[in-house]
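*Asks:* The following block contains the structure, expressed as structure tokens.
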Amino acid sequence: SLGDLPLVVIRAGTREAIDYPPDAAWDANLKDLASLSTRGKLIVAKNSGHFVQLDQPDLVVETIHDIREISK
């Protein structure tokens, strides 16, 4: 458990069969990861493949800023 440590898991919104296991298994793993913190959440980057930081860098930056704000 990570207690109440702010935690955000960002998931790709588009998937290529070669990159990911079946959707249900992958989603369950990511939800479990986010649930390690009472303040954890899962964000779907709707317009991104595996490399969210390249496909939607603004989302990544915005998420980092949001975490910094709630951590003050």
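The values are calculated or read from the model by the stated rules, or taken from the named source; none is laboratory data. Just so it is clear, the model here is predicted, and its values are computed rather than measured. All Cβ positions, even for glycine, are placed from backbone atoms using ideal geometry, and neighbour counts span all protein chains on display. SASA here: full protein model, heavy atoms, side chains in, ligands and nucleic acids out. Shrake-Rupley method; radii C 1.70, N 1.55, O 1.52, S 1.80 Å.
*Asks:* Could you list, in sequence order, the residues of the range 29-43 that are β-branched (Val, Ile, Thr) and open to solvent by 60 Å² or more (accessible area, probe 1.4 Å)?
*Replies:* Going through the range 29-43, the residues β-branched (Val, Ile, Thr) turn out to be 38, 43.
Matches in the range 29-43: THR38 only.
*Asks:* Would you please name the residue that is least open to solvent (accessible area, probe 1.4 Å), looking only at residues in the range 44-63 that are in contact with a strand residue (DSSP E or B) (Cβ under 8 Å, 6 or more places away or on another chain) and more than 18 Å from TRP26 (Cβ to Cβ)?
*Replies:* THR63
*Asks:* Please go through the range 27-67 and give me each residue that is touching a helix residue (DSSP H, G or I) at 6+ places or on another chain (Cβ under 8 Å) and under 14 Å from THR14 (Cβ atoms), ordered by number. If you could, list the steps in order and put the result at the bottom.
*Replies:* Here is the first cut: in the range 27-67, the ones touching a helix residue (DSSP H, G or I) at 6+ places or on another chain (Cβ under 8 Å) are 39-43, 45, 47-49, 52-53, 59-60.
Result: ALA45, ASN47, SER48, GLY49, VAL52, LEU59.
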